[in-house]
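A.B. asks: I have a structure here, written as structure tokens, and I will follow up with some questions on it.
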Amino acid sequence: MDPTEIKDIVTDIVSEMRTNRVVGLDFAIQNILACFFANGHVLLEGVPGIAKTMMAFSLAEILGLEFKRIQFTPDLMPGDITGVSVFNMKTQEFTFIQGPVFSSIILCDEISRAPPKTQSALLEAMQERQVSHEGITHKLPEPFLVMATQNPIEQAGIYPLPEAQLDRFLIRQIISYPSKDAEIMMLKLKQKQDLLPVRKLSDSTQILKIQQVVREEVLVTEKILEYIVNLIRKTREHYGLTLGGSPRASLALMAVAQAKAVISGRDYVEPDDVKQLFFPVVNHRLILSPETEMDKVPVIQIVDNILKSTDVIL
């Protein structure tokens, strides 16, 4: 499978989403696909009612993958995610009943509403692609993608994700309000039918092949590697930040830049691939200094300054 073929597949997926389900979020959908092709997980952040959930299950439907939604609530238990053991009266033994995490794409809706113990149940699944239960390891299906949503506005009754879990997400995609034209188009789609059908345009075998291409066949030159490291290191040295990106952030930026290159039909990474994904990769990994918070300086302004002050020499 060559990058040109992958580019055509992505174009068809984005077009199908735009035509029948989600309008005005093409760039966000491309970033989610880049994250998936890089074998990572994505955190979607935005106010209620801007199609985060719709985007998740529609994407799974178009990709032809099994999808499960988990509604995170304060009383959700870890076993509600990973699974539980149930005593079988016939065999007189305990049988493990798989939880919803055993799907190719899972949506953790409003993830910050569940307590930390429940949130941490996802850590092993996201990092190791497995679930350990009573000393037995259960492998998760491949491919595997966690899409979590959270609302940046509400503060009551939530449990903010700890840095360790935020770091497990390859990118945090900020979803904003659609443009006026996109919102009008959305209303027109809703007039036709409550939920328009979509075509299945891929399957698990094809997704795994694309992930292999991204991992093994996309060239990242020494200069691009140096550019990635320079960007991440500047987040650690910036006066307005208490915490910058870790080496995991460097790895994430390289992986998602490789996926972005493939989506663009190339087998090599360009500086623009890195620049376009820099903010989604680092925005949830940075902690502002108290002075910066008092001055109300947004993270995106700091990220833009770092990009502008970092040159790449090819």
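The values are calculated or read from the model by the stated rules, or taken from the named source; none is laboratory data. As the structure is a prediction and not an experimental result, all values here were calculated from the model. Methodologically, a virtual Cβ is constructed for each residue, glycine included, from the backbone with ideal geometry; neighbour enumeration extends over all protein chains shown.
A.B. asks: Just checking, does the range 35-55 include any residue being of a type in the set (Lys, Arg) and crowded, with 18+ Cβ neighbours inside 10 Å?
C.D. replies: Yes, the conditions are met somewhere in the range 35-55.
A.B. asks: Follow-up question, since we're still on this one. Specify which of the listed residues (LEU43, LEU25, LEU65) is touching a His at 6+ places or on another chain (Cβ under 8 Å) and among the aliphatic types (A, V, I, L, M).
C.D. replies: LEU43
A.B. asks: From the list ASP267, ASP194, ASP181, ASP203, which residue is over 17 Å from ASN39 (Cβ atoms), under 24 Å from the mean Cα position of the chain (by Cα) and either outside the structural domain of ILE302 (by TED's automatic domain parsing) or acidic (Asp, Glu) (or both)?
C.D. replies: ASP267
A.B. asks: Moving on. Among LEU145, LEU107, LEU123, which is the only one that is in contact with a strand residue (DSSP E or B) (Cβ under 6 Å, 6 or more places away or on another chain), without any contact (Cβ under 8 Å) to a residue 60 or more places away in the chain and not β-branched (Val, Ile, Thr)?
C.D. replies: It is LEU107.
A.B. asks: Just to be sure, is VAL22 surrounded by 20 or more Cβ atoms within 10 Å (Cβ to Cβ), free of Cβ contacts under 8 Å to residues at least 40 places away in the same chain and closer than 27 Å to VAL282 by Cβ?
C.D. replies: yes
Per-residue answers, yes or no, for (1) assigned to a strand (DSSP E or B); (2) in contact with a His (Cβ under 7 Å, 6 or more places away or on another chain); (3) within 21 Å of SER58 (Cβ to Cβ):
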residue	(1), (2), (3)
LYS90	no, no, no
ILE97	yes, no, no
LEU107	yes, no, yes
ALA125	no, no, no
ILE158	no, no, no
ALA164	no, no, no
PHE169	no, yes, yes
GLN173	yes, no, yes
ASP181	no, no, yes
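A.B. asks: Out of (1) among the aliphatic types (A, V, I, L, M); (2) surrounded by 21 or more Cβ atoms within 10 Å (Cβ to Cβ); (3) under 22 Å from LEU166 (Cβ atoms); (4) out of contact with any Lys or Arg (no Cβ under 7 Å at 6 or more places or on another chain), what's the single condition that is false for LEU76?
C.D. replies: (2)
A.B. asks: Then there's this: Return yes or no: is LEU76 modelled with pLDDT of 95 or more and closer than 23 Å to ARG129 by Cβ?
C.D. replies: No.
A.B. asks: Separate question: Can you give me the number of residues within the range 245-265 that are surrounded by fewer than 18 Cβ atoms within 10 Å (Cβ to Cβ) and either touching a Lys or Arg at 6+ places or on another chain (Cβ under 6 Å) or farther than 17 Å from LYS223 by Cα (or both)?
C.D. replies: Number of matching residues: 4.
A.B. asks: Considering only the range 115-123, I want to know if a residue exists there that is touching a Lys or Arg at 6+ places or on another chain (Cβ under 7 Å) and assigned to a helix (DSSP H, G or I).
C.D. replies: Initially, the range 115-123 is screened for residues touching a Lys or Arg at 6+ places or on another chain (Cβ under 7 Å), giving 123.
Checking which are assigned to a helix (DSSP H, G or I) leaves us with 123.
Yes, that holds for at least one residue.
A.B. asks: Taking the options ILE6, ILE50, ILE29, name whichever one is outside any loop (DSSP other than H, G, I, E, B) and more than 14 Å from the chain's Cα centre (by Cα).
C.D. replies: ILE6
A.B. asks: Name the residues in the range 143-183 that are modelled with pLDDT of 95 or more and among the polar types (S, T, N, Q), would you?
C.D. replies: Of everything in the range 143-183, just one residue is modelled with pLDDT of 95 or more and among the polar types (S, T, N, Q), namely GLN173.
A.B. asks: Only one of (1) farther than 17 Å from ALA148 by Cβ; (2) touching a residue at least 24 places away in the same chain (Cβ under 8 Å) fails for GLY49. Which number is that?
C.D. replies: (2)
A.B. asks: Here's something else I'd like to know. Test LEU201 against the stated conditions and say whether it is in a helix (DSSP H, G or I), surrounded by 13 or more Cβ atoms within 10 Å (Cβ to Cβ) and out of contact with any Cys (no Cβ under 6 Å at 6 or more places or on another chain).
C.D. replies: So LEU201 fails the test.
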